[in-house]
Amino acid sequence: MDDQPKTAAPINLFDYAQLARGRLPKVVYDYYAAGAMDEISLRENREAYERLRLHYHVLAGMQNVDPATSVLGQPVAMPVLVAPTAFHRMAHQDGELAAVRAAGKAGTVFVLSTLSNTAMEEVTAAATGPVWFQLYIYKDRAVTSDLVKRAENAGAAAIVLTVDAPVWGTREPDVRNQFNLPEGLFVENLSPSGKQAFPKSAGSGLAAYVAQMFDGAIGWRDLDWLCAQTKLPVVVKGVCRPDDARRCADHGAKAIVVSNHGGRQLDTCPATIDALPAVAESVQGKLEVYVDGGVRRGTDVVKALALGARAVQVGRPVLWGLAVDGEAGVSHVLQILRRELSDALALCGYAAPDRVRRDVLGPG
Ligand code: GLV
């Protein structure tokens, strides 16, 4: 840090992305940053927020704005949760432990990826806030059941099932870079079952791992299976269509994440903020709806709330915070979002997230 010029002090999430790019090895930065194929959905996730305009109220008595809310009945300090992202120790030696501590200090939920470099038991032991566990279904069902049981025993408060990856999206930088985990890093949650390392591959080692391990054939019966396996609420992540969203509710999910996996799976699928309104309307309050992908500003959070989300999730900015300054970097990223969100709420004339109305995106 000391050798950084003062002007490099980051004040927004874009600054963090730029600084992180300068600090991370190219292979690592590319892995975190890449989208699938031509990265059209990756760009659209961001640009769709930039197209939306906020039609603010005035004279609304904005003295005590409080961005606190709740998700799945758990109070959180703001409707901004930490999305599951893989392999945090490539960004910083403290990896997931730093990120979970920062999320706890920010008073929000940390969603731990199956693909973490730190075992879930260590992560929940370090947590001071709620941890949800993101699950990929492995071909080996005993291994999958074991992950769910371990998450329950470790104190996770929800299981987040990712459903947008029947095959792995092609992230071309990873193919070119022959992406692999740096020496000494593993998929630690899978160490007990011996599935912690990538196979040898001429392309992306992670894509080879996924092809070998994850069950691409999962269907609605597997959501039923998961809901029957666990007493924890199940959140389905990767839904972009109203009909699928309704089916999630019918099959026992308690929440969904409108997500296209950060533009990393099916390229040219819609931006998530564009997919959100129809999805949120279709579920008629039967489950909670969150959205991720492209959230970089407090105003983005207000837009997502206006279109029916209960909360947003942020992924890459947390990795950039980690890369720049470990736990302190993640804390700062979350503080920036909280301050920007409070300001955006006040400037729109809303004292709290649940006051946000659709017409702030345009009357009529
Ligand atoms: C992991 O979930 C990834 O998208 O690489």
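The values are calculated or read from the model by the stated rules, or taken from the named source; none is laboratory data. Owing to the predicted nature of the structure, the values given are computational and were not obtained by experimental measurement. With ideal geometry, Cβ positions are generated from the backbone for all residues, glycine too; neighbour counts draw on all protein chains shown. These accessible areas exclude ligands, DNA and RNA; they are computed on the full protein's heavy atoms, side chains included. Shrake-Rupley method; radii C 1.70, N 1.55, O 1.52, S 1.80 Å.
What to note about this one:
- Looking at Val289, Val236, Val279, just one residue is under 16 Å from Leu135 (Cα atoms) and either open to solvent by less than 30 Å² (accessible area, probe 1.4 Å) or part of a strand (DSSP E or B) (or both), and that residue is Val236.
- Picking from residues in the stretch 204-233 that are open to solvent by less than 20 Å² (accessible area, probe 1.4 Å) and in a helix (DSSP H, G or I), the one that is farthest from Val279 (Cα to Cα) is Gly205.
- Answer residue from the stretch 5-31, given it is at pLDDT below 95 and open to solvent by 70 Å² or more (accessible area, probe 1.4 Å) and is nearest to Leu181 (Cα to Cα) among those: Pro5
- Qualifying positions in the stretch 249-261 - out of contact with any Phe, Trp or Tyr (no Cβ under 9 Å at 6 or more places or on another chain) and within 13 Å of the ligand (Cβ to nearest atom): Asn260, His261
- Selection from the stretch 323-342 of residues that are in contact with a Pro (Cβ under 6 Å, 6 or more places away or on another chain) and either crowded, with 19+ Cβ neighbours inside 10 Å or assigned to a loop (DSSP other than H, G, I, E, B) (or both): Val333, Leu341
- Filter result (more than 14 Å from the ligand (Cβ to nearest atom), in contact (Cβ under 8 Å) with a residue 60 or more places away in the chain and of a type in the set (Ser, Thr, Tyr)) within the stretch 159-198: Ser191
- Test: residue in the stretch 259-273 that is among the acidic types (Asp, Glu) and either free of Cβ contacts under 8 Å to residues at least 40 places away in the same chain or assigned to a helix (DSSP H, G or I) (or both): no
Let's see how each residue does on (1) open to solvent by 20 Å² or more (accessible area, probe 1.4 Å); (2) of a type in the set (A, V, I, L, M, F, W, C); (3) modelled with pLDDT of 95 or more; (4) farther than 30 Å from Ala211 by Cα:
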residue	(1), (2), (3), (4)
Asp250	yes, no, yes, no
Ala255	no, yes, yes, no
Asn260	no, no, yes, no
Asp300	no, no, yes, yes
Lys303	no, no, yes, yes
Gly315	no, no, yes, no
Ala344	no, yes, yes, yes
Val356	no, yes, yes, yes
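- Asn117 vs. criteria in contact with a Leu (Cβ under 6 Å, 6 or more places away or on another chain), within 16 Å of the ligand (Cβ to nearest atom) and either in a helix (DSSP H, G or I) or in contact (Cβ under 8 Å) with a residue 24 or more places away in the chain (or both): yes
- Set Gln74, Gln93: member being open to solvent by 30 Å² or more (accessible area, probe 1.4 Å) and either closer than 19 Å to Gly321 by Cα or within 16 Å of the ligand (Cβ to nearest atom) (or both): Gln93
- When Val167, Val160, Val175, Val148 are checked against the criterion of being part of a loop (DSSP other than H, G, I, E, B), at pLDDT 95 or above and at negative phi, a single residue qualifies: Val167.
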